[in-house]
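One structure follows; several queries about it will come next.
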Amino acid sequence: MCGIVGYVGFRNATDVLMEGLKRLEYRGYDSAGVAVKVGGRLEVLKKAGKLSVLGDVLKDEKLPGHFGIGHTRWATHGAPNDPNAHPHTTEDGRIAVIHNGIIENYLPLKEGLLARGHHFTSETDSEVLAHLIEEKYDALPGSPGRLVEAVRQVLQEVYGAYALVVAHQDHEEIVVARTVSPLVIGLGEGENFVASDVPALLPYTRRVIFLHDGDMAVVSRAGVEVTDLRGNPVEREVVEVDWSLEAAEKGGHPHYMLKEIYEQPRVLENTLGGRLHEEHANVELDLNLDPARYDRIHVIACGTAYYAGWVGKYLIESLARIPVEIDVASEYRYRDPVVDERTLAVAISQSGETIDTLEALREAKRKGAGTLGVINAKGSSITREVDDTLYIHAGPEIGVASTKAYMAMLGAMAMLAVWLGRARGTLAEADAKEFLGELRKLPRLVEQALEQRAHVAHIAEKYHQAADYLFLGRHIQAPTAYEGALKLKEISYIHAEAYPAGEMKHGPIALIDERLPVVVLTTDSPFYEKTLSNIQEVRARGGRVIAVATEGDLEARRFAQDVIYVPRTHHLLAPVVSVVPLQLLAYETAVLLGRDVDQPRNLAKSVTVE
Ligand code: M6R
């Protein structure tokens, strides 16, 4: 949610900022801006719209300098226009501030500032920070630590969430602080960087420090000093990130989303890689948690990660016979969940920064639960707060619509189910071996599922003018239906609803007519016949059925107008192969409608505000 980049060193700062912001644009694209020190003054340029609008202005107005900060915005307070774009400055332009998050008490602070004669140019909560820092700064004696001290004093007065980046024309250092919203520092030789996410740093360095909640840092050419909010030095580990630059780029594909869809076989290999041990009828997950301690699991997640958790519920309940509740994280903390020390809370998240998931996890912890993160981003906030982490190893996911991370989450949840099932004695050795064998085949099966792209593109062409879509699936394919509908909504803006197939006749059936495409997940399973009946119910009312069926299923052809075949696998693993054509359907539809696939309207990749 909002991209931040800061640079101090010897390179052209504007180039570094723009390059970094390009890699972070998935975090927000309502406006963009930079502040660069040119000839002793901070020059600010900011524009509503995508980064390219700012890029065009910068072609004419060069900002040569070696020190600066930049931002791409996902609007919270104030419309996405030029004045509300970051950086925000003091009236004299000495101080520039970039802020990601929400300052909850900004209104009384702003009233105080107005009464003391400050003038505001934006409607944002963030601008109060620039004015407050100015007041504190001017009241302090001149010393090298003056800027950081001013920021520190301001942070005693504000509450809310922030990743804060401050520059002053008279100090060649960037002062940063974080609470809730992520910030990472990149370490170079004679140069240092700040960013809200690792991809911005990859062209320059892989040595990074992930700041923790309540950390501040002063970042200069010479080095980085990390302290707490009171100024006490704190030690933070320098982490070597293994994401390659190539992995964070499009690699010849027109969109990140398509690239990431095609990466899925490799991603799944990485997720499962080295962890499946058929010879021991088990998986090696390197977890310290004690499975005997728990008699129920609460899965908490948002969006696509929530649907992965829902698939996980079926897997864990089937293989490990532990009751699993799943909750949309934003609801969990407010429903006063029944939690005790025999509850394991499993937080699933690609970014590891989603605030709803983090807060739900904290709620479970407060109530005594053990905690496990199923996470992609190393060093992210959730990984620091859980007892244990199961990394999904999907690599950087840039497309706002999540695809490969979902795939990796499914792989991770399947392994977790096996591990729990073996530990609890509910999964027999022979069954475990067979299931692991099926898991091992998945990367190849996903590759086969991708071969359906041309056929899916043809179906997308047929239905891309539809105003609505319905997605149906039963049992472990219900979440697949929801994920398919979410993908279509997110990037094509077509209204799509999903239902467990058996629920259709309890209401949604009223929607069915000859204009409504209905995607039905009807892969092989013990419930196959029942789903087939649902298809017939749709057909009997004139609906247009697109069936996702197991290869070789001729029956599906008799009832559906269109059939997309996916490879045969264990019915509990069918979501892995079935989601692929649904991702492609959403992608092809969005492209046909001329949508911005990688930057769909109103969305941001990682949601760090509640
Ligand atoms: O980073 P997370 O996995 O915690 O993100 C959760 C959701 O915000 C995310 O899955 C969102 O729904 C995606 N846009 C789905 O494509």
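Bear in mind these aren't lab numbers, they're just calculated from the coordinates by the rules spelled out. This one's a predicted model, so the numbers in the text were calculated from it and none came from an experiment. All Cβ positions, glycine included, derive from the backbone under ideal geometry; neighbour counts span all protein chains shown.
Tell me the angle of helix 127-139 to the major Cα principal axis of the chain, expressed in degrees between 0 and 90 and rounded to the nearest ten.
Once rounded, one gets 30 degrees.
Something else: Using alpha carbon centroids, what distance separates the stretch 293-311 and the stretch 458-497, in Å?
22
For a quick check of your reading of the filter: which trypsin sites (Lys or Arg not before Pro) in the stretch 203-284 sit in a DSSP loop and have no more than 12 other Cβ atoms within 10 Å?
Those satisfying the criteria are Arg230.
Hey, another quick one. Can you grab the distance from the C-alpha centre of the stretch 179-248 to the C-alpha centre of the stretch 552-598, Å, no decimals?
The stretch 179-248 and the stretch 552-598 have Cα centres spaced 41 Å from each other.
Let me ask something else. For a paramagnetic label modelled at 7 Å from the Cα of Trp243 toward its Cβ, which residues of the stretch 273-289 fall within the zone defined by backbone nitrogen distances under 19 Å?
Output list for this probe position: empty.
Measure off 7 Å from each Cα along the Cα-to-Cβ vector at Glu189 and Thr426, then give the distance between these two points in nanometres to one decimal.
Between Glu189 and Thr426, the label points sit 5.5 nm apart.
May I ask you to list the trypsin sites (Lys or Arg not before Pro) in the stretch 304-379 that are in a DSSP loop and have at most 13 other Cβ atoms within 10 Å of their Cβ?
Arg321, Arg335, Arg342
R0 = 22 Å: FRET efficiency of Asp138 with Glu61, Cβ-based, nearest 0.05?
According to the calculation, E is roughly 0.15.
Then there's this: Using the crude model of +1 on Lys and Arg Cβ and -1 on Asp and Glu Cβ, and no other charge, please compute the dipole size for the stretch 250-450 relative to its Cα centre, in debye to 20.
It works out to roughly 220 debye.
Sequence gap at least 6, Cα distance under 8 Å: using those rules, report the relative contact order of the chain to the nearest whole percent.
12
For a 31 Å ceiling on Cα separation, which of these pairs sit above it: Lys250/Lys462; Lys313/Lys367; Lys259/Lys462; Lys59/Lys136; Lys259/Lys489?
In this structure, Lys59/Lys136 exceed 31 Å between Cα atoms.
Computed FRET efficiency, Cβ-Cβ of Ala510 and Val53, R0 56 Å: what is it to the nearest 0.05?
It comes to 0.80.
From the Cα gyration tensor of the stretch 350-466, with a ≥ b ≥ c the square roots of its eigenvalues, which class applies: rounded if a/c is under 1.5, or else prolate if a/b is larger than b/c, or else oblate?
Because a/c hits 1.5 or more and a/b fails to exceed b/c, the stretch 350-466 counts as oblate.
If each of Glu461 and Asp228 carries a label point 7 Å out from its Cα toward its Cβ, how far apart are those two points in nm?
Inter-label distance under the simple model: 6.4 nm.
Hey, how many Å between the Cα centroid of the stretch 44-121 and the Cα centroid of the stretch 138-174?
Value for the Cα centre distance between the two parts: 16 Å.
Using 31 Å as the Cα-Cα cut-off, could you pick out the over-long pairs in Lys47/Lys365; Lys378/Lys487; Lys22/Lys441?
Among Lys47/Lys365; Lys378/Lys487; Lys22/Lys441, the Cα-Cα distance tops 31 Å for Lys47/Lys365; Lys22/Lys441.
Test of the criteria: in the stretch 447-489, which GluC sites (Glu not before Pro) are in a DSSP loop and have at most 14 other Cβ atoms within 10 angstrom of their Cβ?
For GluC sites (Glu not before Pro) across the stretch 447-489 that sit outside H, G, I, E and B with at most 14 neighbouring Cβ atoms in 10 Å, the list reads Glu451.
Also, I was wondering about something else. For the residue pair Glu331 and Glu284, what label-to-label distance in nm results when each label sits 7 Å from Cα along the Cα-to-beta-carbon direction?
4.0
How charged is the neighbourhood of Leu147? Take every other residue with its Cβ under 12 Å from the Cβ of Leu147, and add Lys/Arg as +1 and Asp/Glu as -1.
-2
So, one more: Could you point to the residue in Gly93, Leu390, Leu573 farthest towards the positive end of the chain's charge dipole, with +1 and -1 charges on the Cβ of Lys/Arg and Asp/Glu respectively?
Positive-end residue among those listed: Leu573.
What ranking do Thr357, Thr383, Thr426 get, fewest neighbouring Cβ atoms within 10 angstrom at the top?
The most exposed by this proxy come first: Thr426, Thr383, Thr357.
Please give the length that would be gained between Arg293 and Leu107 if that part of the chain were fully extended, namely 0.36 nm times their separation in residues minus their C-alpha to C-alpha distance (nm, one decimal).
Value of the extension gain: 62.3 nm.
Counting chymotrypsin sites (Phe, Trp or Tyr not before Pro) as exposed when in a DSSP loop with at most 14 other beta carbons within 10 Å, what is the longest stretch of the chain free of them?
For chymotrypsin sites (Phe, Trp or Tyr not before Pro) (loop position, at most 14 other Cβ atoms within 10 Å), the longest site-free span of the chain is 335-610.
What number comes out for the charge environment of Ala222, summing +1 per Lys or Arg and -1 per Asp or Glu over other residues with Cβ under 13 Å away?
-4
Which residues does a label at Glu157 reach in the stretch 95-137, if reach means a backbone N under 13 Å from a point 7 Å past the Cα toward the Cβ?
105-118, 128-137
Now a separate question. Over the C-alpha atoms of the chain, what are the Rg and the largest Cα-to-Cα span, Dmax, in Å?
That works out to 25.4, 83 Å for Rg and Dmax.
While we're looking at this one, here's another question. Give, in whole angstrom and from largest to smallest, the semi-axes √(5λ) of the equivalent ellipsoid of the stretch 295-334, with λ running over the eigenvalues of the Cα gyration tensor.
Values for the stretch 295-334, descending: 18, 12, 4 Å.
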